[in-house]
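Just below is one structure, and these are the notes that go with it.
The values are calculated or read from the model by the stated rules, or taken from the named source; none is laboratory data. Just so it is clear, the model here is predicted, and its values are computed rather than measured. Quick reminder, even Gly has a Cβ in these numbers, built from the backbone with ideal geometry, and neighbours come from all protein chains shown. Heads up: the accessible areas ignore ligands, DNA and RNA and are worked out on the full protein's heavy atoms, side chains in. Shrake-Rupley method; radii C 1.70, N 1.55, O 1.52, S 1.80 Å.
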Amino acid sequence: WQWKLNGEFPSAGPGGGTTVSLGNTATIEGLEAGSLYTVDIAPVDAAGNVLEPHFHVQRRFAVAPPEPSPDLADTWIAFAVGRGEARSHIYRVRPDGSELTQITHVAARDRHPRWSPDGTRIAFDSKGRSEPTAVFVADLDGANRTRVTPAGLGAAEPDWSPDGRSVAFVGAATGRFSQIYAIDIDGSNLRQLTDVNN
């Protein structure tokens, strides 16, 4: 097959385009950002003649200008590291691997960190030795660790609302099916979002 940029193939005879072997792909180079192009594609025989009956595909497209590289100067990555089921802590680190910082320090299994939309707080679930899992919110440095969810719900895997005022999480009262809940980060306005009974 052949491709041709900003030009159509004849109905018969030599195609005059760029030949590509059957099954291979082609890359069009030298396109300018913001420009509009038309590419024509047609099957050809071994000699480069357009196959009859004439068949071709035409696509018109624009090349978008390249987006600027993201500024990662204020970016943190959060993750949990631990030893089995007994204990784990939340850490943060820069994308280049620098400034590794431990955020949580209590004797618990802290997991599933999620940044708030404004990047100033982190939600995570935590399980003490004799306590069910609960959702907590802490500042960027781990200060002001605050329990958000009520006792006995087994709350885990939090995620923030777009406005940063509440978190959704998976929870299940003892002996019941897991449900999705939401709660404001001050611990008020608990609401059950799903009703799964099997």
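Amide H neighbours of Gly154 under 5 Å, at least 5 residues apart or on other chains, H built in the peptide plane: list them.
Placed amide hydrogens put Thr133, Ala172 under 5 Å from Gly154.
Students often get this wrong, so try it: which of (1) 13.0; (2) 16.5; (3) 19.4 is mean projected area of the Cα convex hull in nm² as calculated from the structure shown?
Of the labelled values, this structure produces (3).
How big is the dipole moment of segment 1-78 about its Cα centre under a simple scheme where the beta carbon of each Lys and Arg is +1, that of each Asp and Glu is -1, and everything else is neutral? Debye, nearest 20, please.
On the way: 3 positive and 9 negative charges, 57 e Å.
Value, rounded to 20: 280 debye.
Just to be sure I follow the definition: excluding the sites themselves, where is the longest run in the chain that has none of the chymotrypsin sites (Phe, Trp or Tyr not before Pro) in a DSSP loop with at most 16 other Cβ atoms within 10 Å? Spell out each step's value before the answer.
Numbers: sites that count: Phe55, Phe177.
Here the longest run is 56-176.
GNM, the chain, Cα, under 10 Å: largest mean-square fluctuation among Glu131, Glu32, Glu157?
Glu32
Rounded to the nearest whole Å², what accessible area per residue is found for the chain with the 1.4 Å probe? Working shown, then result.
Numbers: 12270 Å² over 198 residues.
Per residue, the chain has an accessible area of 62 Å².
Quick one: Karplus J couplings for segment 33-45, per residue in order, coefficients 6.51, -1.76, 1.60, θ = phi - 60°, nearest Hz, x for Gly and Pro?
Those phi angles translate into 4, x, 8, 9, 10, 10, 10, 10, 10, 9, x, 10, 8 Hz.
Could you check how much of the accessible area of the chain is carbon and sulfur, as a whole percent, using a 1.4 Å probe?
Details: 6240 of 12270 Å².
The nonpolar share, carbon plus sulfur, comes to 51 percent.
Which of these, Thr75, Thr19, Thr146, has the largest mean-square fluctuation under a Gaussian network model of the chain (Cα springs below 10 Å)?
Its mean-square fluctuation being the largest, the pick is Thr19.
Output the relative contact order of segment 153-193, whole-number percent, from Cα pairs under 8 angstrom with separation of 6+ residues. Each step should come with its number before you reach the end.
Working: 72 pairs, mean separation 12.3, N = 41.
The value is 30 percent.
Could you work out which residue, out of Asp74, Asp125, Asp45, moves most in a Gaussian network model of the chain, that is, has the largest mean-square fluctuation with Cα springs under 10 Å?
Answer for the Gaussian network model of the chain: Asp45.
If you average the sequence gap of Cα pairs under 8 Å that are 6 or more apart and divide by the length of segment 27-153, what percent do you get for the contact order? Display every interim value, and only then the final one.
On the way: 215 pairs, mean separation 16.7, N = 127.
It comes to 13 percent, rounded to a whole number.
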